[in-house]
Amino acid sequence: MIDEIIQDAEVRMKKSVESLHTELAKIRTGRAHPSILDHVMVNYYGTPTPIKQVANVVVEDSRTLAVTPWEKDLVGAVEKAIMTADLGLNPASAGTVIRVPMPALTEERRRDLVKVVKAEGEGAKVAVRNIRRDANGDFKDLLKEKEISEDEARKAEDNIQKVTDRYIAEIDAVIAAKDKEMMAV
């Protein structure tokens with residue numbers, strides 16, 4: 001019973017860390033990466049559609065993305081969608097290929113992005129702590145129902161704290177790596 005609660009908490013904490021990785025991938029570092037355009041929606045025959053479903057997005061070089069719509073009619077719509085996505089990008093179309101140059105980040109913008117990274121990390125830590133709180137609540141419920149002893153409850157709380165500490169340290173490492181990446185010129 002206790003092991004199941006701890007395993008469930010650990011799975012949920014792992015998902016929180018994976019979610020953090022996903023959110024941090026959206027924060028651009030000045031290098032071209034196809035995931036930057038993941039949330040861009042293109043008006044495809046009146047329906048908002050993710051850009052990946054209407055075009056091929058590849059890295060042309062370290063500072064340029066190449067977007068190739070599958071239909072020639074969509075070049076203008078894709079270009080407009082990238083411009084209006086509020087990413088600070090200025091696409092330029094050359095026939096059927098849209099090139100999206102990545103502007104270099106200013107020092108001030110880098111510091112702002114570091115703040116965003118730290119806020120995302122803090123959100124992930126809060127999620128992990130909430131999972132710990134839920135698990136501790138489950139242990140207290142088991143104790144009230146006399147399904148486990150006080151010693152077992154205390155030991156289980158110590159174990160869940162160790163798991164929590166491990167995931168908090170992992171989140172701190174992810175944030176530190178992203179901070180270093182953001183401040184590298």
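Mind checking segment 1-104 for chymotrypsin sites (Phe, Trp or Tyr not before Pro) that DSSP puts in a loop (not H, G, I, E or B) and that have at most 13 other Cβ atoms within 10 Å?
Tyr45, Trp70
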Inset, instruction - Can you list which of the trypsin sites (Lys or Arg not before Pro) found in segment 144-181 are DSSP loop residues with at most 12 other C-beta atoms within 10 Å? - result: Lys146
Legend entry - Solvent-free Debye scattering, log10 I(q)/I(0), computed from the Cα coordinates of segment 1-67 at q = 0.16 Å⁻¹: -0.69
Inset, instruction - In nm, give the distance between the simple-model label positions of Val126 and Ser149, each being 7 Å from the Cα along the Cα-to-Cβ direction. - result: 4.0
Legend entry - Pairwise centroid distance, computed over Cα atoms, of segment 123-185 with segment 1-33, Å: 13
Inset, instruction - Anything over 25 Å Cα to Cα? Flag those among Lys14/Lys118; Lys26/Lys162; Lys14/Lys146, in the order listed. - result: Lys26/Lys162; Lys14/Lys146
Inset, instruction - Round to the nearest 0.05 the FRET efficiency obtained for Ala177 and Asp134 when R0 = 22 Å and r is the Cβ-Cβ distance. - result: 0.20
Inset, instruction - Could you name the aspartates and glutamates whose alpha carbon sits less than 17 Å from that of Lys140, not counting residues in the same chain fewer than 8 places away? - result: Asp3, Glu4, Asp8, Glu150, Asp151, Glu152, Glu157, Asp158
Inset, instruction - Please go through segment 58-141 and write out the trypsin sites (Lys or Arg not before Pro) that DSSP classes as loop and that have at most 11 other C-beta atoms within 10 Å. - result: none
Inset, instruction - Compute the distance in nm between two label points, each set 7 Å from the Cα along the Cα-to-Cβ direction, one at Ser93 and one at Met41. - result: 2.1
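Each reported figure results from applying straightforward, stated rules to the coordinates on display, with no laboratory input. Please read these numbers as outputs of a predicted model, since none were measured by experiment. With ideal geometry, Cβ positions are generated from the backbone for all residues, glycine too; neighbour counts draw on all protein chains shown.
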